[in-house]
1. In square angstrom, what is the accessible area per residue of the stretch 344-406 with a 1.4 angstrom probe?
2. Just add up the charged neighbours of residue 244: K/R +1, D/E -1, any other residue whose Cβ is under 13 Å from the Cβ of residue 244.
3. Probe of 1.4 angstrom, ligands and nucleic acids ignored: what's the accessible area per residue over the stretch 52-127, in square angstrom?
4. Show me the ranking of peptides 79-89, 271-281 by mean Cβ neighbours inside 10 Å, starting with the highest.
5. If each residue of separation counts as 0.36 nm, what is the full-extension length gain between residue 156 and residue 446 once their alpha-carbon separation is subtracted?
6. What are the chymotrypsin sites (Phe, Trp or Tyr not before Pro) within the stretch 386-450 that DSSP puts in a loop, where the Cβ has at most 15 other Cβ atoms within 10 Å?
7. Over 24 Å between C-alpha atoms is what I'm after, so list which of 249/360; 403/426; 258/360 land there.
8. Carbon and sulfur together cover what percent of the accessible area of the stretch 329-403 at a 1.4 Å probe radius?
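The values are calculated or read from the model by the stated rules, or taken from the named source; none is laboratory data. Every value quoted in this text rests on a predicted model; they were computed, and no experiment measured them. Methodologically, a virtual Cβ is constructed for each residue, glycine included, from the backbone with ideal geometry; neighbour enumeration extends over all protein chains shown. Only protein heavy atoms, including side chains, enter the accessible area calculation; ligands, DNA and RNA are left aside. Shrake-Rupley method; radii C 1.70, N 1.55, O 1.52, S 1.80 Å.
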Amino acid sequence: MFVLRVHSVDSERPISIEEEESGFSYASSRRSHPPDKLTPTLKLTERKGLIHLYRNSSHSSLPNPSSRSTTLFVVAVPNYLPPLDFIRFCDSQIAHVSQILFIRNDGMEDRYSVLITLSDQSAADGFHKNLNGKKYAPSEAEVCHILYVLSVEHTEFDELAASPPAGFTELPTCPICLERLDPDTSGILSTLCDHSFQCSCTSKWTYLSCQVCRLCQQQDEILSCSICGKTENVWACLVCGFLGCGRYKEGHSIRHWKETHHCYSLDLRTQQIWDYVGDSYVHRLNHSKIDGKSVDMNTRCLSHDGDCGLCECSEDTGISGAILNSKVDSIVTEYNDLLASQLRAQRQYYESLIVEARSKQESSIAEQVEQTVVNKMQELQSEIEKCEEEKNGITEVNRKLIKEQDFWRKKAKEIQEREAALLGSKDEIIADLEEQIRDIRVFVEAQKTLKKMSSDSDGIREGTILPVPINDEPVRKQKKSNRRK
């Protein structure tokens, strides 16, 4: 069951047979006449856009009565086949076609897609049966792949076109990548080539458009993860070509699936395809163990009641048994290789975990030592800063003390000078007082002398007053002499 969502970049415009006849054609030998069975009501249109192909993840993509419809989708038509030659390619079934829409993508110049609407279901089944798997030209490698489409939605918004409907997953639109998938996933029953490395048919298809196929052809180059750059266990998204490492590395491929819902991833080393939604491998397993070539698988009956006579489906039990045995052997070999690779990957994974744990332990020890050293240095720095602060405080106190010492020295000097001045004035006062006392004593002595002499008035009546020198010794001697007298 397929659904199409087209991110349209322009409107749908009609095209005519006359316009196509004026252009270049690959089949120039058939250019002399247009298709004979064109109906007057056939509508030919074209538009540009980016196609997103979705399939129901819970059902098989192989045709069955419940998944068929009257709308068919031709996955890829080579660009050397213009629309008129494609109509000639469909000449045997063109009478039942009511509309053909050619969808071109500017990013894919080597191919275009075609959307075909038929008149009824039987005509759609006949178109699918007769043209599906048919080569476009006998000398070319390209094959016509036709899918039943349940619905087609055109939108101008890329986000809406790129988001899958509920229960659907996106498929690649590259025919080579579709052929790599198993029939239940891609809806393609058989292939003519295994598309191995350096295959010529792959290079014809993928000269310009498909990035995944170009990566498969560039085996000499060392591919790396687009995010982390790891070169081991690299996977390519089958839808957009994103390169990411596997789950046993950094898991960028799984992250890409979770972000974009592109669930199919190709292992570039083994060419195996992993489905993240179904959690299993979904690549095609139809290679013969004997010669290594691809083996055609039987086409399933498309009739409603399963009668092979209606659809001319043939069965060959011998070929089916050989194919089954070859497929079983391939599965056994592949899963043995897968088991060995998984065990090897797990051993590498756990060895990497051990190395990572050791490196983490060493880094943790180094971080702890570094943190301890940093903490110790911080403590020492804080102590140094504290000592600096104390030193600055002591220096400030010392400066203040020196300033006070100078002040008190000046004070003491002033006091000493004041005391010396006081002592000098005191000595002067004492000397003055002693002189006054001496004068008083002289006066008193003189008075006493006068009183004594007053009694002898006759003795001093004829006497003469002489000045007495101011001298202690004479006074004292006079006193003594007076006393003697």
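1. That works out to 91 Å² for each residue.
2. Surrounding charge for residue 244 is +1.
3. 29 Å²
4. Ranked by mean Cβ neighbours within 10 Å, highest first: 79-89, 271-281.
5. Between residue 156 and residue 446, full extension yields 89.2 nm more.
6. Here no chymotrypsin sites (Phe, Trp or Tyr not before Pro) fit, given the DSSP loop and packing criteria.
7. Correct reply: 403/426; 258/360.
8. 57 percent
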